[in-house]
Amino acid sequence: MDWKRGVRRVIYPAYEARLLRRLPENLPRHVGVMLDGNRRWARAVGHDTAHGYRAGAANIEPLLGWCGEVGIEVVTLWLLSTDNLNRPAEELEPLLQIIADAVDSLAVQRRWRLNPVGALDLLPAETAERLKAAQEATRDVDGMLVNVAVPYGGRREIVDAVRSLLSEHAAKGTSLEDLAGVVDIDMIGSHLYTRGQPDPDLVIRTSGEQRLGGFLLWQSATSEFYFCEAYWPDFRRVDFLRAIRAYALRERRHGT
């Protein structure tokens, strides 16, 4: 096994460089990533769940570096779903701490503009405040926009958008009848967590699962999808470049 790892250390950098050189020009602007498989990875290597989450958190910074390398403008990282909040406290509490620590680490570097997206009101107050502080600390950073989806659920986002739209028009005195006559896709879109951003061109999910699970349900209507067998902690630069290449080589036919 040692000699195989040695061969990989020699071959993969050359292969990655070749992939990078041969990427077509039509690259995605916005990439969504479902960081899946941390717990299964931990079980596979004989460690506890928290170890898997820490390994997954450690792979976030490299991913952002790879995205910057090919010129991605926006990245959305799904770190915690609203459903995940139902996990046992002995698992959830360390996970929230690991997520907050990871976001703090990214903020300190001031390389990326961090933007929490999700139902922050469902989080413990301390966790929510740390996410908001990271957003404020990087507000003026001239770098890639990184949406930190914690806790995020696509259905919850749409409900929140509709509530926000209704509240806005109630304050203006618009009747429900009048609003029903004019409401459209753009009006709802302007109240989403990601309002003002381009929709994701590419959504990547690790761990071999081939479903959205509620990730960016509204925004991904025309997205391309790439499903990778690797668990998130094992996701490598070569896997990322393969996903980008697969996207770039597809003939996108919106509405046909």
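The values are calculated or read from the model by the stated rules, or taken from the named source; none is laboratory data. It should be emphasised that the depicted structure is a prediction, and the values quoted were computed from it without experimental measurement. Positions of Cβ are backbone-derived with ideal geometry, glycine not excepted, and every protein chain shown enters the neighbour counts. Accessible surface areas use protein heavy atoms only, side chains included; no ligands, DNA or RNA. Shrake-Rupley method; radii C 1.70, N 1.55, O 1.52, S 1.80 Å.
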Go through the range 94-135 and report how many residues are open to solvent by 70 Å² or more (accessible area, probe 1.4 Å) and of a type in the set (S, T, N, Q). 1
Out of the range 221-251, which residues are part of a helix (DSSP H, G or I), modelled with pLDDT of 95 or more, buried (at least 17 other Cβ atoms within 10 Å of the Cβ) and small (Gly, Ala, Ser)? Ala243
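For Phe227, are the conditions met, namely being among the hydrophobic types (A, V, I, L, M, F, W, C) and under 13 Å from the mean Cα position of the chain (by Cα)?
No.
With of a type in the set (Lys, Arg), closer than 30 Å to Ala17 by Cα and touching a residue at least 12 places away in the same chain (Cβ under 8 Å) as the only criterion, which of Arg237, Arg130 stands out? Please lay out each step first, then the result.
Numbers: Arg130 fails: closer than 30 Å to Ala17 by Cα.
Arg237 is the lone residue from the list that is of a type in the set (Lys, Arg), closer than 30 Å to Ala17 by Cα and touching a residue at least 12 places away in the same chain (Cβ under 8 Å).
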Scan the range 42-53 and tell me whether some residue there is touching a residue at least 12 places away in the same chain (Cβ under 8 Å) and within 25 Å of Arg155 (Cβ to Cβ). yes
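How many of the residues in the range 19-39 are in contact with a Ser or Thr (Cβ under 6 Å, 6 or more places away or on another chain) and closer than 11 Å to Val70 by Cα? Working first, answer last.
At the first step, the residues of the range 19-39 found to be in contact with a Ser or Thr (Cβ under 6 Å, 6 or more places away or on another chain) are 32, 36-37, 39.
Retained after the next criterion (residues that are closer than 11 Å to Val70 by Cα): none.
Qualifying residue count, the range 19-39: 0.
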Here the residues within the range 167-220 that are over 17 Å from Val150 (Cβ atoms), open to solvent by less than 80 Å² (accessible area, probe 1.4 Å) and among the small types (Gly, Ala, Ser) are Ser167, Ala170, Gly173, Ser175, Ala180, Gly181, Gly189, Ser190, Ser207, Gly208, Ser220
From the set of residues in the range 149-166 that are surrounded by fewer than 17 Cβ atoms within 10 Å (Cβ to Cβ) and of a type in the set (Lys, Arg), which is nearest to Val103 (Cα to Cα)? Arg155
